[in-house]
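Peer 1: Before we start, here is the structure in question, set down as structure tokens.
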Amino acid sequence: MNITADAVKQLRERTGAGMMECKKALVETSGDLDAAAELMRKQGLAKADKKAARVAAEGVIVIGKSADAHAASMVEINCETDFVAREHDFRGFAHAVAARALAVRPDSLDALLATKVAETAAETIEERRRTLVAKIGENITVRRFVVLSSPGHLGAYVHGTRIGALVVLQGGDAALAHDLAMHVAASNPRHRSPADVPPDVIAKEREILTEQAQSEGKPPQIVAKMVEGRLRKALGEITLTGQPFVKDPDVTIEKLLKGAKAEVVAFERFEVGAGIEKKQDDFVAEVMAQVKGATPAKGSVRH
């Protein structure tokens, strides 16, 4: 049968699919636009399922902030290539997910995926994801999200689109909260303070340090002192309060917070592809280099 160019155009606008796919669907449904759109949707779901096993380690980190700046969401949306990570529809989807996470504040990833992609939309985030997979041709996943809120200050920082950080700050000011979020993005602390490090982690580190010190042939009493000193240093490297501030390495975060009469209540850091088995570039070093390049005078905090 004869399929008009206008019918193909209308179906493309509805589905976002290519011209030939639209024409084929219209032929199969005898020119019925609604039936063609439904057919393409079903085909898209099948394509999405086929691509689900493919590794998606590229993507973006997006932060959504509330109008009053007291709440924020952060999401990681993955794809297979950095080319798609820059694609307009993919970016739009990621921002939509961040906005809905902030608005709905679901208690699980499954609940987020079941949420409508927009307040007035008919389709869910999961349905939009599958449609996008069919259109773009790559596996796309909503990997993780977090929503934090604070009655005080909430710092948010995204380095490009690859690393994001949120910091809930009690006391201090908005500028300090932002600088702390930048620090978390650059230095990647694993815990807030030494008191938050799990006992089994400390025990394992002490065991390793003891073996190292004993191999140096020192007396037992010296070994004990060496181990505790090295343990304090190791804990300082993995805890936020023990790390040197990236904008002034002579000052630890603990001292910075004391000077501002502030406390970090919570923080979160996402890095694209972290933990996924695919070679990653050193984005942490890139963030630190950028931060240090804009370092203000010693002892000052940028406002």
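Peer 1: Given the options ALA103, ALA174, name the one that is open to solvent by 60 Å² or more (accessible area, probe 1.4 Å) and free of Cβ contacts under 8 Å to residues at least 24 places away in the same chain.
Peer 2: Result: ALA103 is the single residue among ALA103, ALA174 that is open to solvent by 60 Å² or more (accessible area, probe 1.4 Å) and free of Cβ contacts under 8 Å to residues at least 24 places away in the same chain.
Peer 1: Within the range 14-32, how many residues are modelled with pLDDT of 85 or more, of a type in the set (A, V, I, L, M) and either over 22 Å from GLU123 (Cβ atoms) or open to solvent by 40 Å² or more (accessible area, probe 1.4 Å) (or both)?
Peer 2: Total satisfying the criteria: 1.
Peer 1: All but one of (1) more than 30 Å from GLY259 (Cα to Cα); (2) within 16 Å of the chain's Cα centre (by Cα); (3) open to solvent by less than 40 Å² (accessible area, probe 1.4 Å) hold for VAL133; which doesn't?
Peer 2: The one condition VAL133 does not meet is (2).
Peer 1: Right, another one. Would you mind stating whether GLY217 is small (Gly, Ala, Ser) and farther than 21 Å from SER73 by Cα?
Peer 2: Against the criterion (small (Gly, Ala, Ser) and farther than 21 Å from SER73 by Cα), GLY217 qualifies.
Peer 1: Still on this structure: Based on this model, can you work out whether ASP82 counts as over 16 Å from the mean Cα position of the chain (by Cα) and open to solvent by 60 Å² or more (accessible area, probe 1.4 Å)?
Peer 2: Answer is no for this residue.
The values are calculated or read from the model by the stated rules, or taken from the named source; none is laboratory data. As the structure is a computational prediction, the values presented were derived from the model and not from experiment. Positions of Cβ are generated from backbone atoms using ideal geometry, with glycine treated the same way; all protein chains shown enter the neighbour counts. Side chains are part of the model used for accessible areas, which takes the heavy atoms of the whole protein and leaves out ligands, DNA and RNA. Shrake-Rupley method; radii C 1.70, N 1.55, O 1.52, S 1.80 Å.
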